[in-house]
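Each remark here refers to the structure printed beneath this line.
The values are calculated or read from the model by the stated rules, or taken from the named source; none is laboratory data. Please read these numbers as outputs of a predicted model, since none were measured by experiment. Methodologically, a virtual Cβ is constructed for each residue, glycine included, from the backbone with ideal geometry; neighbour enumeration extends over all protein chains shown.
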Amino acid sequence: MTEYSPRDYWEKRAKIFQRWEHIRTIRAFLLTPFLKAHLKKNIESIRPESLLEVGCGPGRLIELYRDVDCVCCVDFSRTMLSRIKSRVQREGFRNISLFQMAAENLGFADDSMDLVVSAHVLLHVPYSNIDEAVTELTRVTGDYITLVEYSHPDTERLKTRKTSFHVFAHDYRRLFSEKGLKLVKAEKLPFRTQECLVFRKP
């Protein structure tokens, strides 16, 4: 197997992503409504004026952002961005701007976003790059970061029984606490597979 290159892998996968992604497994299909419900609740609670989604893919979460004044969605895949652009135009979003960027190199000013959102993105960042990504998310947010990633029991399982070459077992609590952020909420999604974490910057 060739070495995993996140950008190359997701550029290829982008062509079929979301068209078939959520019926690959029953668990993934069933989890999607819970994922969106948790994120929606957090966004409504925080009430950000500005929001950055890191790893937006084809735009599966953008309906959650209708009431946010300024939304920036970034992805490093050109194909993913072309798909979300079509949806933004088709559904008449005027508050969303799109940028081609990687999580490890976000071209935004320090503390420029009220809320940074990332769902199922950091688990695909290799161990060698995860500190850069966490540093950038922490730098850009002025207040909150909310993630949806594998729960702690599942990261432990991944360490002993790796299920896929593009999935990495990161300890998100430790990574963000080392950057000075405080974990203010942790909610498990069903099936003990994923959890929604909310961190706040002091």
How many residues are out of contact with any Leu (no Cβ under 8 Å at 6 or more places or on another chain), surrounded by 15 or more Cβ atoms within 10 Å (Cβ to Cβ) and not basic (Lys, Arg) when one looks only at the stretch 167-186?
2
Verdict on Ala133 being aliphatic (A, V, I, L, M) and assigned to a helix (DSSP H, G or I)
yes
If we scan the stretch 150-173, do we find a residue that is under 24 Å from Ala37 (Cα atoms), touching a Cys at 6+ places or on another chain (Cβ under 7 Å) and modelled with pLDDT of 85 or more?
no
For the stretch 1-96, which helices (runs of 4 or more DSSP H) that fit wholly inside it have 1 or more residues that are modelled with pLDDT under 80, within 30 Å of Val184 (Cβ to Cβ) and of a type in the set (D, E, K, R)?
26-46
When the residues of the stretch 106-116 are filtered to those that are farther than 16 Å from Cys56 by Cβ and out of contact with any Pro (no Cβ under 8 Å at 6 or more places or on another chain), which remaining residue is surrounded by the most Cβ atoms within 10 Å (Cβ to Cβ)?
Ser112
Taking the condition of being surrounded by fewer than 18 Cβ atoms within 10 Å (Cβ to Cβ) and within 14 Å of the chain's Cα centre (by Cα), how many residues in the stretch 49-94 meet it?
0
